[in-house]
Every structure is written in structure tokens, then in C-alpha cells.
Amino acid sequence: MLVHLSVHNYAIVEHLDLELDRGMSVITGETGAGKSIMLDALGLTLGDRADSGVVRPGADKADILATFDLVDIPEARTWLTERDLDSDGPCILRRVITAEGRSRGYINGTPCPLADLKAVGELLIDIHSQHEHQSLLKTDTHRRLLDEFAGATDLARQIQMAAQRWRQARAELERLSNSSEEQRARHQLLSYQLEELEALGLGDNELEELEQERKTLANAESLIGICRQVVEQCSENDSGNVLSALTASLNRLGAANSGPGAMSEAANMLASAQIQVEEAVGELNRFLDHFDADPSRLQYLDERLDAIYTLARKHRIQPTELAFMHQQLLEEVEALNSNGETIETLTAELASFARHYQSKAEELSKLRQQSAGELAAAVEVEIQRLGMPGGRFNIELHPNTTTELHPHGLEQVELMVSANPGQPLRALAKVASGGELSRISLAIQVITAQTSRVPTLVFDEVDVGIGGPTAEIVGQLLRRLGERGQVLTVTHLPQVAAQGHNHLFVHKARDTEDTRTAVSHLSKAERVEEVARMLGGVDLTKESLAHAKKMVNTAKI
């Protein structure tokens, strides 16, 4: 439950520290004193939107902190633990809004997005506003109320997700199916292109080798002439050649038996040169013996290279990129082939999603049918007590006629009401007046709150437009809720205020320069005076005090 609320520099609140207890705590005060401001500040810690206008004039930031005891809220403890936000103590939610409009949220001191504040807040507290009855005009609200009462909120969320997955799979299947004709044409083109590339059969490094061989054959006559000239000059010229000159030189150096070391070293170098010249001559002779300058080979090379260059020009790429293009085409054809498999897989998934949806939706329908009568009967009892004698209330389930998998299940939920005896049940939005809507809303809130897992309930002036004996019944209903947990009620009705287990009085504290909101815990005597003021105005009389005392004492019985 909410055990502490701290508000700093929010609206007209300069500083407020409020300790809260179990049971029903009523919050009263003059109009404009700041009763709803407290709840608005609390809403900010629960992820509500805010702007710089909420910062108290003259302050640089508003700082609101709410502390919750989690002893009776294991779901919240689990939520925090799963996200490493648990502190093994109370849960502290904090919201800071700067005068420039920047906003920061914290859970147990850790910065977090507003979505997390909202998510954990839904497990901690449930706020019912005075304008909530307007939402009863929406069929989405009808469905939500019934599902919450039936304990089927999680199941309804599963159905919504199942319908979403089904729609996504169907959209993808339709996309693939609609593009199948285009894909078939693309597949034919790619297959033809692959056939051309595979018929070409370009090998690794083949282009480079072909170009080099073709260059060699094109210069065959010149190369052969050069090689023969070199061989003749090195070894075959009878009038003098390199090898004969080297042999003669070695013989002369060898004749000098006792020559200096330089001559011996020179002889070694000339002998090495002789060996290398002989090897060079042998290499050139082997080239001449094996070199085939066949014109038909040159013609083949020209034709082969022309085929490669022509195919490259056709695809507007460089000849060296043909191998990479071949690989790309193979991958695209494989992807297109897999699309057919994907269509089969999606078709199977679509059927599986539909079966899962149908199973869950039928389960939800049974829960709705079982709970609709129970909720309607309970609400009918309460609206009769709340000043609508003879009023009737019913919840109708209308099957969906569309073939679509509806995200909210197999039926539409509609609240039906007859405000006066003898009148037929009609759609709530068509027959209920503003006051009747307010009473019906309060009855529904009270009934559904009794089954809520959230231990703290806040009612912000939900009793507007109600008075007399009906107001006393409203107070009794809220007190009954307070017996099971914690209820905070902002009210202007003395009949409701008298029912509280605790009483908080909100008032303005003024000085010569400023006005601030302050909150006081009222003692028993102060409670009687406040209820008397609410009964009779500013001047307290013996009669109003006696009446107020009786109301407070009677509420405790």
C-alpha cells in the first residue's frame, strides 16, 4: 500500500510530506485548496504526462516521491526482481520535472522510462477519477470491465497478441503470393543468365592466363628471333661468343699458378658466370623447342576472350567481375526458391496461429459468459441502492460477424440499462443521463474493486452529483472497500467523509507573500468539526456539531 507521499514545488505545493495508513482515508477541504493536486502529483510518479507548467513558480524543479509497502503485493515484487530493481524494502517511485520541461523517472533510485513507472504503478494503485463515468460510453470500456472482473486480463492480452501474429503472417503471405508472378519472371531471367555463365565455364584465374598467353602468341615471331639471336651470341657464333670468351679467360687465369688472391677470386666469379650463361642458353633452347606458335591456338584464344568480354559488356560489368556476379545470381535464385518454401511455412503458421487464437478466444468467451451475469447482478443491486430503485442492468455479448480474427475475442461486450421500472433494457450510451452514468460508474468501480489485486484504490470525487441517503450509501461502500486494503477518497460530501477510518484536511496556508497547500491529520474532535462544516457551512452550531458527531460515531459501528 501507499505509505508515504512527498511533494516538493508542485503547483501551489511548496513542501508536503504525508504519511498514509490502511483503511479508508478521506481527503476534504475547500474548493481550490489542492485536494486533487495531491492525486495529480501521485499520478506523475505512476507515469502520467507532465510539462513545465506543473513546477511551482520560482522553483527550478518539482520533485515527487511515493513510497509503497510491498508486503501484500507479490506481483510487484516479482516485476522489480525480474528487472533488477528490487531493494528488499519498500518500493520508491520518484518523478522530477524541471522548469525547462525535462522529466526524469526513478524506481528505487534507478533511472527508468515512464513506461516502467506506468507498468509497476498499475500493480500498486488504481485511480478512479470523477470523469471516469464518461468512459462508460465506449464499448472498449465495457469489454475491459468485464474481463477485469472475470480475471481474464492476461488471457485477453494473449488473444490480442495471437490475432496480431495471425495478421502479420497473413500480410506476409499475401505479399509473397501477390509477387509470385513477378518472382517467376525474375526466376526465369536469372536461370537464363546462369545458363550463360555456366556455359562459359570461366575458371579461376583463367582470364589472366588467357590474356597472357594471347599476348605471347601475338608476339611469337619477334620472341623467337630475339631468343635465337641471344643463343647465337652466347654459344653458337663461330667468330666469337660469350661462352668461348669466358672459357679462354678462365684458361689464362688458370695458367698463373702463383698469382695474387684477386685473380683467384676473379676466376671463381667467371666460372659462376659461365655456369649461369650455360643455364640461360639451355632455358632459351627449351623455350624454342617447346614453343608452339600455332595460328589456330591464337584464333581460339581470341574467340575465348571475345566470349568473355561480350558477356561482361552484356551485364555492364568488368570481365573480372563475372565470377562475383555468378555467385550473386546463385544466391538470388536460391532466395527465390526459398520463397516457395516460405509460402508453405507461412501457410502452416497461419493455420497454427488461427487454431491457437480460437482455443484462447473460446476460453475467454466461457469466462465472459460466466462472469457477465454475476457482474450484472452485483451492479444492479448497487445502482438500486444508489438512488435508482427498480433500475435494471445487464451485460450482453454479441458475436462478431466478421471473418477476421478480432483482437478482442469472439464477441462484442455491451452494457445495457433500464433506469426506471417498466422500461426496456437499452444501450447504456442511449438512455443514461449524466447523473445516472455517474452512479452506474461508481457501482461498477466498487464491485470490480472488490476483486482487484491492487491493494490501494483512489477515488477522486467520484461522488459528484450524489446527495442525501444515496451519499451515505456511497460512503458505506467505500468504507467497505477500505476494510480489505487502502482507499483514498477525495470528497465534498459529509456523509462520505464521516465513513473514513482516517481524515486528511487540505487547506491553504497564507502569509504576506505566498500561498501554500498544507495537509493535516484530523483528530476525532477535528473530524467532527470538519464534517459539521461540510454539513452547515462556516458557522458551526450545536445542532450541526451534534449531527456530525452522530454521523462519525455511527460510521464506526
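Some observations on this one:
- Single condition VAL464 does not satisfy, out of (1) touching an Asp or Glu at 6+ places or on another chain (Cβ under 8 Å); (2) under 30 Å from VAL26 (Cα atoms); (3) not in a helix (DSSP H, G or I): (1)
- Filter result for GLU374 (part of a helix (DSSP H, G or I), surrounded by fewer than 15 Cβ atoms within 10 Å (Cβ to Cβ) and charged (D, E, K, R)): yes
- For segment 54-75, a residue qualifies if it is out of contact with any helix residue (DSSP H, G or I) (no Cβ under 6 Å at 6 or more places or on another chain) and part of a strand (DSSP E or B), and the qualifying residues are VAL55, LYS61, ASP63, LEU65, THR67.
- Some residue of segment 77-97 being assigned by TED's automatic domain parsing to the domain that holds LEU2, part of a strand (DSSP E or B) and surrounded by fewer than 21 Cβ atoms within 10 Å (Cβ to Cβ): yes
- Looking across segment 377-427, the residues that are out of contact with any Gly (no Cβ under 9 Å at 6 or more places or on another chain), outside any loop (DSSP other than H, G, I, E, B) and either acidic (Asp, Glu) or crowded, with 21+ Cβ neighbours inside 10 Å (or both) come down to VAL379, GLU382, PHE393, GLU396, GLU411, VAL413, GLU414, LEU415.
- Members of segment 467-489 that are buried (at least 24 other Cβ atoms within 10 Å of the Cβ) and outside any helix (DSSP H, G or I): GLN486, VAL487, LEU488, THR489
- Selection status of ARG516, in the same structural domain as VAL13 (by TED's automatic domain parsing), under 20 Å from ILE125 (Cα atoms), at pLDDT below 85 and not polar (S, T, N, Q): no
- Of the numbered criteria (1) over 26 Å from PHE505 (Cβ atoms); (2) in a strand (DSSP E or B); (3) touching a Ser or Thr at 6+ places or on another chain (Cβ under 9 Å); (4) of a type outside the set (Phe, Trp, Tyr), the one PRO111 fails is (3).
- When each of LEU137, LEU80, LEU117 is tested for being in contact with a helix residue (DSSP H, G or I) (Cβ under 9 Å, 6 or more places away or on another chain), aliphatic (A, V, I, L, M) and closer than 21 Å to GLN445 by Cα, the lone residue that passes is LEU137.
- Taking first residues from segment 205-232 that are assigned by TED's automatic domain parsing to the domain that holds GLU278 and in a helix (DSSP H, G or I) and partners that are modelled with pLDDT of 80 or more and among the hydroxyl-bearing types (Ser, Thr, Tyr), the Cβ contacts under 8 Å between residues at least 6 apart in sequence or on separate chains come to LEU207/THR320.
- Conditions (1) of a type outside the set (A, V, I, L, M, F, W, C); (2) over 39 Å from the mean Cα position of the chain (by Cα); (3) buried (at least 16 other Cβ atoms within 10 Å of the Cβ); number of the one not met by SER438: (2)
- Yes/no for HIS4 being exposed (fewer than 15 other Cβ atoms within 10 Å of the Cβ), part of a strand (DSSP E or B) and assigned by TED's automatic domain parsing to the domain that holds VAL496: no
- Counted residues, segment 19-32 - those being surrounded by fewer than 19 Cβ atoms within 10 Å (Cβ to Cβ) and of a type outside the set (Val, Ile, Thr): 5
- Checking every residue in segment 508-516 against the condition of being buried (at least 20 other Cβ atoms within 10 Å of the Cβ) and either part of a loop (DSSP other than H, G, I, E, B) or in contact (Cβ under 8 Å) with a residue 24 or more places away in the chain (or both) gives zero matches.
- Taken across segment 440-452, residues that are outside any helix (DSSP H, G or I), touching a strand residue (DSSP E or B) at 6+ places or on another chain (Cβ under 7 Å) and modelled with pLDDT of 80 or more do not occur at all.
- Only one of LYS366, LYS314 that is over 35 Å from the mean Cα position of the chain (by Cα) and surrounded by fewer than 17 Cβ atoms within 10 Å (Cβ to Cβ): LYS314
The values are calculated or read from the model by the stated rules, or taken from the named source; none is laboratory data. Given the structure is predicted, the values throughout are model-derived calculations rather than measurements. Don't worry about glycine lacking a Cβ; one is built from the backbone with ideal geometry, like all the others, and counts go over all protein chains shown.
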